[in-house]
Amino acid sequence: MFKTQAETRAFVAALKPLIAGAVHCDVVIAPPFTALAAAAEAAAGSNIAIAGQNLYWEKQGAFTGEISAAMLLEAGCRYVIIGHSERRQFFGETDETVAKKVPAALAAGLIPIVCMGESLDERNANHTESVLKRQFQGGLGALTGEQFSRILVAYEPVWAIGTGRTATPEIAAEAHHILRQDAAKRFGESHASALRILYGGSVKPENVKALMAQPEIDGALVGGASLDTNSFASIVNF
């Protein structure tokens, strides 16, 4: 919950020249709903795509405060984040709601970025693998292979979100390997190898190179470090 429309326009204007040469990765920013159209307008003609931070699975109806996939598309989105740990922790998101939102996003032509990850208690209890398997199966297990081929997954250990604690590259890679194994079992080796799995959890300019050196890590879901254009650009251009 950062940046007004004016702040978002200024952010995108400052970011564009800093990452204009970034052809090695896709760059996506996810402003609040109120700033999506401003971000899309400011990013037009650049290599920056826009994502919503959430959506609801129905096309329309008496769902006060919710946003549909069509509304996100109209505002200029190509992507949408689903199942973010803060949505799970504070706003009742579950594997079941994730399972409803992902097909709704895909049906509208959006690319879902589906988040999964364990809490500190779950990690300390050695439940990381069982939690990731449950979230993968519960959130994505009902998809077809074709649907699965159009999503991104983000491993987002809750204990590393905004805490300053970062999973070591080895810990992150191990979790990504678990998720890729789950994908292989459910959707086959070709879908699993093509799946892009992002790491999210206190990603900073100082640690992005070590994280991205891991073959299992395909990208980053950046939180606080994305609020400053120079910081975010240095992550993009690592």
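The values are calculated or read from the model by the stated rules, or taken from the named source; none is laboratory data. Note that the coordinates shown come from a computational prediction; the quantities given were computed from them, not determined experimentally. All Cβ positions, even for glycine, are placed from backbone atoms using ideal geometry, and neighbour counts span all protein chains on display.
Filtered by the rule that a residue be free of Cβ contacts under 8 Å to residues at least 60 places away in the same chain, within 23 Å of LEU152 (Cα to Cα) and in contact with a Phe, Trp or Tyr (Cβ under 9 Å, 6 or more places away or on another chain), segment 36-51 gives ALA39, ALA49, ILE50. The residue of segment 107-130 that is farthest from ILE50 (Cα to Cα), among those that are of a type in the set (A, V, I, L, M, F, W, C) and crowded, with 20+ Cβ neighbours inside 10 Å, is MET116. Restricted to segment 1-95, the set of strands (runs of 3 or more DSSP E) holding at least 2 residues that are of a type in the set (Gly, Ala, Ser) comprises 48-52.
What residue, of GLU96, GLU122, GLU86, is at pLDDT below 95, within 20 Å of ASP182 (Cα to Cα) and out of contact with any Pro (no Cβ under 8 Å at 6 or more places or on another chain)?
Going through GLU96, GLU122, GLU86 in turn, the sole match is GLU122.
Listed conditions (1) surrounded by fewer than 18 Cβ atoms within 10 Å (Cβ to Cβ); (2) among the β-branched types (Val, Ile, Thr); (3) under 22 Å from ARG196 (Cα atoms) are all met by ILE29, apart from (1). Of all the criteria given as (1) of a type in the set (A, V, I, L, M, F, W, C); (2) crowded, with 21+ Cβ neighbours inside 10 Å; (3) in a helix (DSSP H, G or I), the one not satisfied by ILE171 is (2).
Any idea which of ILE217, ILE235 is part of a helix (DSSP H, G or I), surrounded by 15 or more Cβ atoms within 10 Å (Cβ to Cβ), aliphatic (A, V, I, L, M) and at pLDDT 95 or above? Among ILE217, ILE235, only ILE235 is part of a helix (DSSP H, G or I), surrounded by 15 or more Cβ atoms within 10 Å (Cβ to Cβ), aliphatic (A, V, I, L, M) and at pLDDT 95 or above. Number of residues in segment 185-199 that are surrounded by 15 or more Cβ atoms within 10 Å (Cβ to Cβ), of a type outside the set (D, E, K, R) and touching a helix residue (DSSP H, G or I) at 6+ places or on another chain (Cβ under 8 Å): the value is 6.
ARG165 meets all of the listed conditions (1) exposed (fewer than 14 other Cβ atoms within 10 Å of the Cβ); (2) out of contact with any Phe, Trp or Tyr (no Cβ under 9 Å at 6 or more places or on another chain); (3) at pLDDT below 95 but one, namely (2).
For segment 96-149, which residues satisfy the criterion of being without any contact (Cβ under 8 Å) to a residue 12 or more places away in the chain, of a type outside the set (Val, Ile, Thr) and not in a helix (DSSP H, G or I)? ALA125, ASN126, HIS127 - these are the residues of segment 96-149 that are without any contact (Cβ under 8 Å) to a residue 12 or more places away in the chain, of a type outside the set (Val, Ile, Thr) and not in a helix (DSSP H, G or I).
For first residues located in segment 222-238 and in contact (Cβ under 8 Å) with a residue 40 or more places away in the chain, partners that are hydroxyl-bearing (Ser, Thr, Tyr) and lie 6+ apart or on another chain with Cβ distances below 8 Å form the pairs GLY223/SER202; GLY224/SER202; PHE232/SER226. If you check ALA62, ALA20 for being loosely packed, with under 15 Cβ neighbours inside 10 Å, among the aliphatic types (A, V, I, L, M) and without any contact (Cβ under 8 Å) to a residue 12 or more places away in the chain, only one passes: ALA62.
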